[in-house]
1. With contacts defined as alpha carbon pairs under 8 Å and 6 or more residues apart, what's the relative contact order of segment 14-118 in percent?
2. Please work out whether segment 1-134 counts as rounded, prolate or oblate from its C-alpha gyration tensor, where a ≥ b ≥ c are the square roots of the eigenvalues and a/c under 1.5 means rounded, while otherwise a/b larger than b/c means prolate and anything else oblate?
3. For the pairs Lys42/Lys99; Lys5/Lys104; Lys13/Lys104; Lys14/Lys42; Lys5/Lys40; Lys32/Lys104, note any where the Cα-Cα span goes beyond 19 Å.
4. Sorted by average packing, counted as other Cβ atoms within 10 angstrom per residue and highest first, what order do 77-87, 98-108 take?
5. Long-range amide H contacts for Cys95: which residues qualify at under 5 Å (H placed 1.01 Å from N, peptide plane, sequence gap of 5 or more or a different chain)?
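What follows is calculated from the coordinates using simple rules that are stated; it is not laboratory data. Bear in mind the structure is a predicted one, so any value in this text is a computation, not a measurement. For neighbour counting, all protein chains shown are included, and Cβ atoms are generated from backbone atoms with ideal geometry for every residue, glycine included.
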Amino acid sequence: MRHGKKFNHLGRKKGHRDALLMNMTNSLILHKRINTTLAKAKALRVYAEPILTRAKDNTTHSRRMVFADLQSKEVITELFDVIAPKISERPGGYCRIIKTGFRKGDGAEIAMIELVDFNEILKPKAGNEKGGTRRSRRRGGSTGEKSALGLASAAAIAPSVVQPDVANDTLADKEEE
């Protein structure tokens, strides 16, 4: 019985599975993003994340440990020189899996796995960081201030929708206070 055994064997023997994960990790490091099935992407994340963590420490020992897993000098150079400096501040979670649909031939679920710090589209900008905590949708306070502020902000956003004289009156009232 296999109760509680969560390791996905991917329908392969150990040698084949190890070679598959090694080659996929090499491709992920070189290309920063690859498309594969969802099951392989999840297995790859479990295999690649400890290797990426080991690469954050650029010592001879860590290079040899990573080389034992990946067996490619080109990949080791890319990993330690390009990827490791970018992920040095991240405390884990270096890979992102995005489901992209189903394969036409057999209906297998396809996913894209990528390195998080190398996606320029989803990467947050340094200037856009909010410096506070989350706020709920409801906010307390007097209703008069909220309606005046809401009307003034609505006038700033969509001036053609809000009547100009009403928006100017509320702004003038706000300045008098």
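1. On the way: 125 pairs, mean separation 37.2, N = 105.
Once divided by the residue count of segment 14-118, the mean separation gives 35 percent.
2. oblate
3. Details: Lys42/Lys99 11 Å; Lys5/Lys104 31 Å; Lys13/Lys104 26 Å; Lys14/Lys42 17 Å; Lys5/Lys40 17 Å; Lys32/Lys104 25 Å.
Pairs exceeding the cut-off: Lys5/Lys104; Lys13/Lys104; Lys32/Lys104.
4. Values: 77-87: 16.3, 98-108: 10.2.
Packing proxy ranking, top to bottom: 77-87, 98-108.
5. Residues meeting the criterion, in which the H sits 1.01 Å from N, are Val116.
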